[in-house]
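Novice: Got a structure for you, questions after.
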Amino acid sequence: IGNMLTNCARGIFVNGTATPGINGDNVITGNTNGVYLTTGTPQPVVTGNQIFGNTTNNFFADTFAAGAQNLVINATGNWWGTTDPTTIAADIVDLTDDYAATDRPTVNYANFLNGPGGAPITGNYLQGRVAASGSLLANTVYDVLGVYIVNSGATLTIPAGTTLRFHANATFVVDGVVNIQGTSTSPVTLTSGRAPPARDNWPGVLVRANGSLIEYARIEYTSTAVNVAG
């Protein structure tokens, strides 16, 4: 699909089992909703577009079938009218807005462009679900673009010196195990990705299972730094 879509109720509406490629440098602006997805599998690929300035949402992904919380929509490499992840996420409806939902996928908007038809801004991006055990890289900065969930049965290790910057309304949900292995001289930092940062910038860490260990972590600018529930 390659068009300029404006002054519509829904710029692009997808509902079904097709796999459309919405990647022809579409300019989707001035609509009520930009891209509107209420579909199951397979998922559309939405890349290489300009999606901005739509009055309700630039991207809507909701009311899928149950199990959609495990899906990821590829919406990478678009221009969203800004390079600020929190501003981009504010106009995207997906699992981040209701991490307990079973009918919402994750919209992966990483590698967003630096301008219309511009170059991708690359980075170490995190978002969605951790389904298998693994470790982040030590002394590395990660940008968390949306809700980040460690699934039940999975263990995520965060080594000393690692920094996670949380953007938007990105909660760190632990339904499995998280091992934060900071040291007195090299703590793990969980912080806001906004500039300047401030209290209540992101929800914090929600631990909903047994077995996690948090040592020498600096957790800042949250609503609740660590919430142990369940």
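Novice: Hey, among THR55, THR76, THR102, THR140, which residue is in contact (Cβ under 8 Å) with a residue 40 or more places away in the chain and polar (S, T, N, Q)?
Specialist: The unique qualifying residue is THR76.
Novice: Scan (1) within 22 Å of the chain's Cα centre (by Cα); (2) at pLDDT 85 or above for the single condition ASN26 breaks and write down its number.
Specialist: (1)
Novice: Now for a separate question. Mind checking which residues of the stretch 36-87 are among the β-branched types (Val, Ile, Thr), part of a strand (DSSP E or B) and within 22 Å of PHE166 (Cβ to Cβ)?
Specialist: Answer for the stretch 36-87, where residues must be among the β-branched types (Val, Ile, Thr), part of a strand (DSSP E or B) and within 22 Å of PHE166 (Cβ to Cβ): VAL72, ILE73.
Novice: Mind checking which pairs have a first residue in the stretch 155-171 that is more than 19 Å from ALA132 (Cβ to Cβ) and a second that is assigned to a loop (DSSP other than H, G, I, E, B) and among the hydrophobic types (A, V, I, L, M, F, W, C), Cβ under 7 Å, 6 or more apart or different chains?
Specialist: ALA160/ALA138; GLY161/ALA138
Novice: OK, next. Looking at PRO116, PRO105 in this structure, which one is over 25 Å from GLY211 (Cα atoms) and open to solvent by 50 Å² or more (accessible area, probe 1.4 Å)?
Specialist: PRO116
Novice: Taking the conditions exactly as written (under 21 Å from TYR36 (Cβ atoms) and open to solvent by 20 Å² or more (accessible area, probe 1.4 Å)), does ALA90 satisfy them or not?
Specialist: It is true that ALA90 is under 21 Å from TYR36 (Cβ atoms) and open to solvent by 20 Å² or more (accessible area, probe 1.4 Å).
Novice: Testing TYR125 on (1) under 20 Å from PRO203 (Cα atoms); (2) surrounded by fewer than 19 Cβ atoms within 10 Å (Cβ to Cβ); (3) of a type outside the set (Lys, Arg), one condition comes back false. Which one is that?
Specialist: Only one criterion is unmet by TYR125, namely (2).
Novice: How many residues does the stretch 29-59 contain that are open to solvent by 40 Å² or more (accessible area, probe 1.4 Å) and either at pLDDT 90 or above or of a type in the set (Lys, Arg) (or both)?
Specialist: Of the residues in the stretch 29-59, 6 are open to solvent by 40 Å² or more (accessible area, probe 1.4 Å) and either at pLDDT 90 or above or of a type in the set (Lys, Arg) (or both).
Novice: Considering the stretch 93-102 alone, what residues qualify as being in a loop (DSSP other than H, G, I, E, B) and either open to solvent by 50 Å² or more (accessible area, probe 1.4 Å) or of a type in the set (Lys, Arg) (or both)?
Specialist: Residues satisfying the conditions are ASP98, TYR99, ALA100, THR102.
Novice: Taking the condition within 23 Å of THR102 (Cβ to Cβ) and not polar (S, T, N, Q), does VAL178 pass?
Specialist: yes
Novice: Among residues belonging to the stretch 128-150 that are outside any loop (DSSP other than H, G, I, E, B), within 26 Å of THR87 (Cβ to Cβ) and in contact with a Ser or Thr (Cβ under 6 Å, 6 or more places away or on another chain), point out the one that is most open to solvent (accessible area, probe 1.4 Å).
Specialist: VAL141
Novice: Same structure again: What number of residues in the stretch 175-225 are of a type in the set (Val, Ile, Thr) and more than 25 Å from THR87 (Cα to Cα)?
Specialist: 8
Novice: Would you check which residues across the stretch 180-216 are open to solvent by less than 40 Å² (accessible area, probe 1.4 Å) and either outside any loop (DSSP other than H, G, I, E, B) or among the basic types (Lys, Arg) (or both) and list them?
Specialist: Across the stretch 180-216, the qualifying residues are ILE180, VAL188, THR189, LEU190, THR191, SER192, TRP202, VAL205, LEU206, VAL207.
Novice: While we're on this one: Name the residue that is surrounded by the most Cβ atoms within 10 Å (Cβ to Cβ), counting only residues in the stretch 60-87 that are under 26 Å from PRO116 (Cα atoms) and among the polar types (S, T, N, Q).
Specialist: Looking at the filtered set, the residue picked out is ASN78.
The values are calculated or read from the model by the stated rules, or taken from the named source; none is laboratory data. Everything numeric in this text was worked out from a predicted model, so none of it was measured. Here Cβ is always computed from backbone atoms with ideal geometry, including for glycine, and neighbour counts include all displayed protein chains. Side chains are part of the model used for accessible areas, which takes the heavy atoms of the whole protein and leaves out ligands, DNA and RNA. Shrake-Rupley method; radii C 1.70, N 1.55, O 1.52, S 1.80 Å.
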